[in-house]
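Asker: Here it is: the structure, laid out below.
Taken together, the values in this text are just the output of simple stated rules run on the coordinates, not laboratory data. Being a predicted model, the structure only gives us computed values, none of them experimental. Glycine gets a Cβ as well: all are built from the backbone with ideal geometry, and neighbour counts include every protein chain shown.
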Amino acid sequence: MVRKQREKAEVGDAVAMYNLGQYYFHGINGVKEDRSEAARWFQRSADRGDEDGLSLLGYCFLLGLGVKEDNGRGLAYLMEGATLGSEYGCYLVGDAFAAGYYSLPVDAKQAAKWYRKMPRCKSMSSSEEARRKATSWLRDQASASHCEYVVFDSEAGRVVSPADRVTHTTGPVPF
């Protein structure tokens, strides 16, 4: 698996570069964890405009994982990745605005905007845990302001409200 991804990456496949970055970042698929090497692969992927590569490179800069911590560069990469359609990037931007991370102000409207963008992303790269957290935050905000929230039912392939009473086997995704 690693060899095949490396071959694809060497001929310019941005997704394969991102995948190699993930292997090094998490130390999976027989690859030893190496955050510096992960950041190099994310950078190569980002240089080719891959939304997930941009988002993960931003994350690395924000936390100083394999690169020198730099909030400005991190936010720039992260925002570009989210804007291009990285679901995980949208989650991270939403989370940053929800909690005021990385010197951003706490801004519920911005957090909601990014969390709601998640189900419309080109790359559905978030974990179920991230989707649940975003949905929970949106639900809590709606409850606090007496508004209704909606979720994306992946099985039904449509947006539903709680009144539809759909059972979600994979968990709701914020919209």
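Asker: In whole Å, how far is the Cα centre of segment 19-52 from that of segment 94-109?
Answerer: The two parts, judged by their Cα centres, are 26 Å apart.
Asker: In addition: Can you give me the Rg/Rh ratio for segment 57-149, using Cα atoms for both radii and the Kirkwood formula for Rh?
Answerer: Values: Rg = 13.1 Å, Rh = 13.3 Å.
So for segment 57-149, dividing Rg by the Kirkwood Rh gives 0.99.
Asker: Rg to Rh ratio, segment 46-88, alpha-carbon atoms and Kirkwood radius?
Answerer: My calculation of the ratio gives 0.95.
Asker: Starting from the Kirkwood Rh over alpha-carbon pairs, what translational D in µm² s⁻¹ does segment 93-137 have by Stokes-Einstein at 37 °C and 0.692 mPa s?
Answerer: Values: Rh = 10.7 Å.
Estimated diffusion coefficient is 308 µm²/s.
Asker: Return Met17, Met79 ranked ascending by Cβ neighbour count within 10 Å, so the fewest neighbours appear first.
Answerer: Details: Met17 26, Met79 18.
Least to most surrounded, the residues fall as Met79, Met17.
Asker: Enumerate the lysines that Lys4 could reach by cross-link, defined here as Cα to Cα under 20 Å, with residues fewer than 8 away along the same chain left out.
Answerer: Those lysines meeting the cut-off are Lys32.
Asker: Less than 14 Å Cβ to Cβ from Lys122, Lys/Arg counted +1 and Asp/Glu -1: what total charge do the surrounding residues give? Mind dumping the intermediate values first?
Answerer: Numbers: positive: Lys117, Arg120; negative: Asp50, Glu51, Asp52, Glu80, Glu87.
Cβ neighbours under 14 Å give a net charge of -3.
Asker: Lys and Arg at +1, Asp and Glu at -1: add these up for the other residues within a Cβ distance under 15 Å of Thr83 and post the number.
Answerer: Details: positive: Lys113, Arg116, Lys117, Arg120, Lys122; negative: Asp50, Glu51, Asp52, Glu80, Glu87.
So the environment of Thr83 carries a net charge of 0.
Asker: When Lys and Arg each count +1 and Asp and Glu each count -1, what net charge do the other residues less than 15 Å away from Gly30, Cβ to Cβ, add up to? List each step's numbers first, then the result.
Answerer: On the way: positive: Arg3, Lys4, Arg6, Lys32; negative: Glu33, Asp34, Glu37.
With Lys, Arg at +1 and Asp, Glu at -1, the neighbours total +1.
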